[in-house]
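In what follows, a single structure is set out as structure tokens and then discussed.
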Amino acid sequence: MTTNDNPLLNPGFLIPFDKIQADHVEPAILQLIAEAEQRLAEFAAGAGAPRTYDNTLKHLDHLTEPLDIAPDDVDAERQRQ
């Protein structure tokens, strides 16, 4: 399954509930975790500048945002059924 085939990996304003299937969940979460770990490693490698809200907490919040969205979409679809 490619990223284009998995609606949980293509978040948008309109959630495609009609396209989300149970077999999308695990691959999407595993991919999102791997991507978040990569972004975290890149962030940690750049550590050295004085820490501020914008270059630390705000960055960490954005780093995990895709991982926050996918489970919410799954939960919303489960509640609709």
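Tabulated data for the structure shown
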quantity: Failed item in (1) over 11 Å from the mean Cα position of the chain (by Cα); (2) surrounded by 14 or more Cβ atoms within 10 Å (Cβ to Cβ), with Leu67 passing the rest; calculated: (1)
quantity: Any pair with Cβ under 7 angstrom, 6 or more apart, that starts in the stretch 33-61 at a residue that is in contact (Cβ under 8 Å) with a residue 24 or more places away in the chain and ends at one that is in a helix (DSSP H, G or I) and of a type in the set (A, V, I, L, M, F, W, C); calculated: Ile33/Leu67; Ala36/Leu63; Ala36/Leu67; Arg39/Leu63
quantity: Residue satisfying all of: in the stretch 7-43; part of a loop (DSSP other than H, G, I, E, B) and over 14 Å from Leu67 (Cβ atoms); modelled with the highest pLDDT among these; calculated: Gln21
quantity: Matching residues, the stretch 44-81, being charged (D, E, K, R) and either at pLDDT 80 or above or within 20 Å of Asn4 (Cβ to Cβ) (or both); calculated: Arg51, Asp54, Lys58, Asp61, Glu65, Asp73, Glu77
quantity: Those residues of the stretch 45-55 which are open to solvent by 60 Å² or more (accessible area, probe 1.4 Å) and in a helix (DSSP H, G or I), in sequence order; calculated: Ala45, Tyr53, Asp54
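Matching residues to (1) open to solvent by 40 Å² or more (accessible area, probe 1.4 Å); (2) among the aliphatic types (A, V, I, L, M):
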{"position": "Asn4", "(1), (2)": "yes, no"}
{"position": "Leu8", "(1), (2)": "no, yes"}
{"position": "Pro11", "(1), (2)": "yes, no"}
{"position": "Pro16", "(1), (2)": "no, no"}
{"position": "Ile20", "(1), (2)": "no, yes"}
{"position": "His24", "(1), (2)": "no, no"}
{"position": "Pro27", "(1), (2)": "yes, no"}
{"position": "Leu32", "(1), (2)": "no, yes"}
{"position": "Glu35", "(1), (2)": "yes, no"}
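The values are calculated or read from the model by the stated rules, or taken from the named source; none is laboratory data. Here the structure is a predicted model, which is why all the values come from computation and not from measurement. Positions of Cβ are backbone-derived with ideal geometry, glycine not excepted, and every protein chain shown enters the neighbour counts. Note: accessible area is taken over every heavy atom of the protein model, side chains too, but ligands, DNA and RNA are not part of it. Shrake-Rupley method; radii C 1.70, N 1.55, O 1.52, S 1.80 Å.
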